[in-house]
Amino acid sequence: MPDISTHDNSDERRKAMIRDQILARGVRDESVLNAMRAIPRERFVAAEYAREAYTDRPLPIGHGQTISQPYIVAFMTELLGIEKSNNVLEIGSGTGYQTAVLASLAAKVHSIERLEILSRRASENLNRLGLSNVSFAVGDGTLGSPEHAPFDRIMVTAGAPQVPASLSDQLAEGGIMVLPVGKSSEQTILRIVRKNGQIHQSHTIPCRFVKLIGRDAWEE
């Protein structure tokens with residue numbers, strides 16, 4: 001993992017975030033913790049929110065979208081159980097913070113974002129951090145990326161009314177998908193595993209994400 005941390009007091013705020021928000025709430029995967037220790041979250045938010053980058057809440061990134069609270073990023077990433085050889089699909093690039101965490105853990109990340117302006121920002125942010133194992137695309141994330149499938153891991157960072165069929169179909173045997181599913185006002189984070197050709201779901205914690213927009217989710 002590249003050394004991409006900064007050297008002002010954001011280092012101390014990042015350590016406090018890991019200790020007080022993430023470790024204290026049960027996330028124990030050391031690879032996830034190390035990735036989040038290294039990635040300067042303040043670079044993924046607007047300048048006016050930089051001082052709030054390590055608070056325990058989502059922050060606006062413009063265009064009606066948000067960057068997830070740190071604990072949710074850690075929790076969902078731990079549920080994925082990413083291995084270094086994994087081919088990963090991310091739906092919802094945002095400004096690239098979750099993408100950077102995934103890229104620090106996996107061999108390759110394919111990230112799809114509906115809004116071109118955010119996809120461009122995410123790409124620029126990861127380039128500045130020297131994370132080059134990510135491809136970005138603009139489009140309907142509910143359709144996945146058939147040309148790069150199958151995927152060992154799939155992360156969806158917006159709330160869907162149901163599990164998009166295209167994403168389930170692109171999940172490799174033994175693969176894991178994590179996504180929020182439910183009403184537009186509140187969802188539950190699901191962990192989905194493909195085993196012997198069958199899809200197995202387990203429910204975890206309640207959450208609230210922006211809506212997943214696309215053919216197999218909510219209409220715009």
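Quick look at the values:
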| read-out | value |
| --- | --- |
| Strands (runs of 3 or more DSSP E) enclosed by the stretch 75-149 - at least 1 residues per element that are β-branched (Val, Ile, Thr), in contact with a helix residue (DSSP H, G or I) (Cβ under 7 Å, 6 or more places away or on another chain) and surrounded by fewer than 18 Cβ atoms within 10 Å (Cβ to Cβ) | 134-138 |
| The stretch 46-86, residues that are touching a strand residue (DSSP E or B) at 6+ places or on another chain (Cβ under 9 Å) and aliphatic (A, V, I, L, M) | Ala46, Ala53, Leu59, Ile61, Ile67, Ile72, Val73, Met76, Leu79, Leu80, Ile82 |
| Index of the failed condition, Ser168 passing every other in (1) loosely packed, with under 15 Cβ neighbours inside 10 Å; (2) free of Cβ contacts under 8 Å to residues at least 40 places away in the same chain; (3) not aliphatic (A, V, I, L, M) | (1) |
| Sole residue being without any contact (Cβ under 8 Å) to a residue 60 or more places away in the chain, more than 17 Å from Leu212 (Cβ to Cβ), touching an Asp or Glu at 6+ places or on another chain (Cβ under 8 Å) and among the acidic types (Asp, Glu), chosen from Glu78, Glu52, Glu83 | Glu78 |
| Enumeration of residues in the stretch 171-220 that are under 19 Å from Gly141 (Cα atoms), surrounded by fewer than 17 Cβ atoms within 10 Å (Cβ to Cβ) and of a type in the set (A, V, I, L, M, F, W, C) | Ala172, Trp218 |
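FYI, it's all coordinate maths here, none of it is from the lab. Quantities reported herein were computed from a predicted structural model and do not represent experimental measurements. A quick note on method: Cβ atoms are made from the backbone with ideal geometry, for glycine too, and the neighbour counts reach across all protein chains shown.
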